[in-house]
Amino acid sequence: MNDFQTLIDCKTLAAKITDNNVVVLDGTWFLPNSNRDAKAEFESGHIPGARFFDIDAISDQHSPLPHMVPSADAFSRSVESLGVSNDSQIVVYDAQGLFSAARVWWLFRIFGHQHVAVLDGGLPAWIAAGKEVTEVIADVLPGSYHADFNANTVVDLSGMQQRVKNQNALILDARSAARYKGEAPEPRPELQSGHMPGALSLPATDLMVEGRLKPVDELRALFKSLEVNEASPIVTTCGSGVTAAIITLALEHCGLGMHQLYDGSWTEWASAPGNPIEKNRNALTREER
């Protein structure tokens with residue numbers, strides 16, 4: 001199979017899905033206020049042969065924050081149990097079209113795996129194309145995997161505090177404009193909404209049409225409007241490090257490089273005492289500038 005590193009379409013996946021080195025992962029995850037069960041939905045219907053990648057389980061179980069990046073050893077053991085090896089071509093999708101699959105893509109990339117792509121349009125596109133879904137859980141032979149963590153791709157709290165203080169990186173916030181402005185509540189009720197000083201609002205939904213990334217030329221124009229170029233130091237952020245990965249995926253898909261992501265995102269920032277929070281209900285979003 002050809003090397004796919006950002007996106008793959010349904011037709012190509014359907015033709016290659018039985019290749020020995022292809023591993024399909026369902027990376028569906030829902031916001032905590034959605035009242036939906038990703039594992040149950042996987043069991044009721046998924047792409048044949050797919051394995052369920054549990055974002056909450058394959059994470060740092062010692063962190064009080066949701067689904068933080070696990071250790072390299074823990075990641076290796078988890079993905080081996082899903083049949084993943086270092087030479088696997090991974091295809092990840094989710095039930096929303098494009099949401100949490102980007103986080104799974106990003107996890108593999110930061111652990112050194114290049115051959116990983118997101119299914120364009122996800123499960124909805126697969127179903128719309130008339131492809132098969134099944135309730136059958138496939139038997140999985142364990143893989144052999146060694147993760148090589150690239151610490152330069154992940155920003156922690158202290159690193160984010162320095163970037164905000166020094167204003168030496170372009171911070172792109174993938175949450176809705178209303179949450180960014182402090183007008184809408186966070187899905188985690190203990191958190192206030194608002195944004196980090198200097199952050200720009202770039203809702204992940206602005207990058208998509210019907211659960212698919214927009215064409216490259218449209219994405220490039222959007223990033224250009226934010227003065228993004230290949231040399232721009234960028235950190236993406238969101239509520240808990242999930243939709244921030246959609247921006248990271250779009251940047252990579254456009255050829256603008258693999259940029260940093262703030263893993264703890266707003267959940268960590270708004271929880272940490274003393275961090276500055278701006279609400280700026282009159283702040284201009286990208287579309288309003």
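The table that follows gives values for the structure above.
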{"quantity": "Of residues in segment 120-151 being of a type in the set (D, E, K, R) and under 22 Å from the mean Cα position of the chain (by Cα), the one surrounded by the fewest Cβ atoms within 10 Å (Cβ to Cβ)", "calculated": "148"}
{"quantity": "Residue check for residue 73: assigned to a loop (DSSP other than H, G, I, E, B) and either out of contact with any Lys or Arg (no Cβ under 7 Å at 6 or more places or on another chain) or crowded, with 16+ Cβ neighbours inside 10 Å (or both)", "calculated": "no"}
{"quantity": "Odd one out for residue 117, checked against (1) surrounded by fewer than 23 Cβ atoms within 10 Å (Cβ to Cβ); (2) outside any helix (DSSP H, G or I)", "calculated": "(1)"}
{"quantity": "Selected residue [over 27 Å from residue 139 (Cβ atoms) and not small (Gly, Ala, Ser)] from 17, 8, 110, 58", "calculated": "110"}
{"quantity": "Residue within segment 95-104 that is surrounded by 16 or more Cβ atoms within 10 Å (Cβ to Cβ), among the charged types (D, E, K, R), part of a helix (DSSP H, G or I) and in contact with a helix residue (DSSP H, G or I) (Cβ under 7 Å, 6 or more places away or on another chain) present", "calculated": "yes"}
{"quantity": "Of residues in segment 220-260 being more than 13 Å from the chain's Cα centre (by Cα) and hydroxyl-bearing (Ser, Thr, Tyr), the one modelled with the highest pLDDT", "calculated": "225"}
{"quantity": "Filter pass, residue 217 being modelled with pLDDT of 95 or more and surrounded by fewer than 16 Cβ atoms within 10 Å (Cβ to Cβ)", "calculated": "yes"}
{"quantity": "Of residues in segment 22-42 being at pLDDT 95 or above and either basic (Lys, Arg) or exposed (fewer than 13 other Cβ atoms within 10 Å of the Cβ) (or both), the one nearest to residue 190 (Cα to Cα)", "calculated": "36"}
{"quantity": "Given (1) touching a residue at least 40 places away in the same chain (Cβ under 8 Å); (2) among the aliphatic types (A, V, I, L, M); (3) closer than 26 Å to residue 215 by Cα, number of the condition residue 272 does not satisfy", "calculated": "(3)"}
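The values are calculated or read from the model by the stated rules, or taken from the named source; none is laboratory data. Note that the structure is a prediction, hence the values are computed from the model and not measured. So basically every Cβ, Gly included, is an ideal-geometry build from the backbone, and we count neighbours across all protein chains shown.
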